[in-house]
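All of the numbers you see were taken from the coordinates with simple rules; none came from a lab. Treat the numbers as computed from the prediction; the structure is a model and nothing was measured. Cβ atoms come from the backbone with ideal geometry, glycine included; neighbour counts cover every protein chain shown.
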Amino acid sequence: MSIARLIISVSIYLFAAAFANAEQPNAPLGLKWGETTEEVKAAGAKLVAIPDRQYGSSFAASGLPAALADQEGAILSFDQDGHLWRLFIKGKGADGDPTGYHVRRRYDELKSLLTEKYGRPHSVEKLGGSLYSQDKYFVSGIEAGQNSWFSDFETASVYVQLGIRANLMTDFYIVIYEYKPLRESFRKAKKVEEKNSL
């Protein structure tokens, strides 16, 4: 083996070893981006597989190292190589409030905290026409897709969306986090999988 090849081989090995031992970036809920299911379970979490594979292997998670005070659940999604790249948080639902007063107040609190951490968002907080423009039909408008209430935050490495959703007249907030470096590799691999399936 020539000296040049030996130097290149050693350089590649050292780079790969450094990358493998690099500190994984912090994710919400006490997790780290790029963690495997085994690492998440080792931290005490319970993971239950869910059938939806839109975002890779996804699991309903409980017993995570941290949680929001009014969090109802979390879904963790792992890429084709088994690394955490997406996190979905759902707040506890509130029914009997067609104006969405409480969920809007909680949305504003979370939006303020996320703005401190990730910078100014692009927000769409729009009431629909007709009866959906009235406060008493806010939740109906969210559920019908006539009202839109969300904020997108973006840094060089993380995309975050905070939003209000409703189902069966129960309103709740959601927060979606995506780790952009792994999101890009997930999307590329998914396109290859789909192409190979055709």
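Some observations on this one:
- The residue of region 91-134 that is surrounded by the most Cβ atoms within 10 Å (Cβ to Cβ), among those that are within 18 Å of residue 147 (Cβ to Cβ) and among the β-branched types (Val, Ile, Thr), is 103.
- Residues of region 36-59 satisfying the condition of being in a strand (DSSP E or B), loosely packed, with under 15 Cβ neighbours inside 10 Å and not basic (Lys, Arg): 48, 49, 50
- Count of region 145-162 residues, restricted to those that are assigned to a strand (DSSP E or B) and of a type in the set (Gly, Ala, Ser), is 2.
- Test: residue in region 110-132 that is closer than 30 Å to residue 191 by Cα, of a type in the set (D, E, K, R) and assigned to a loop (DSSP other than H, G, I, E, B): no
- Among all positions in region 163-180, there is no residue which is part of a helix (DSSP H, G or I), buried (at least 18 other Cβ atoms within 10 Å of the Cβ) and touching a residue at least 60 places away in the same chain (Cβ under 8 Å).
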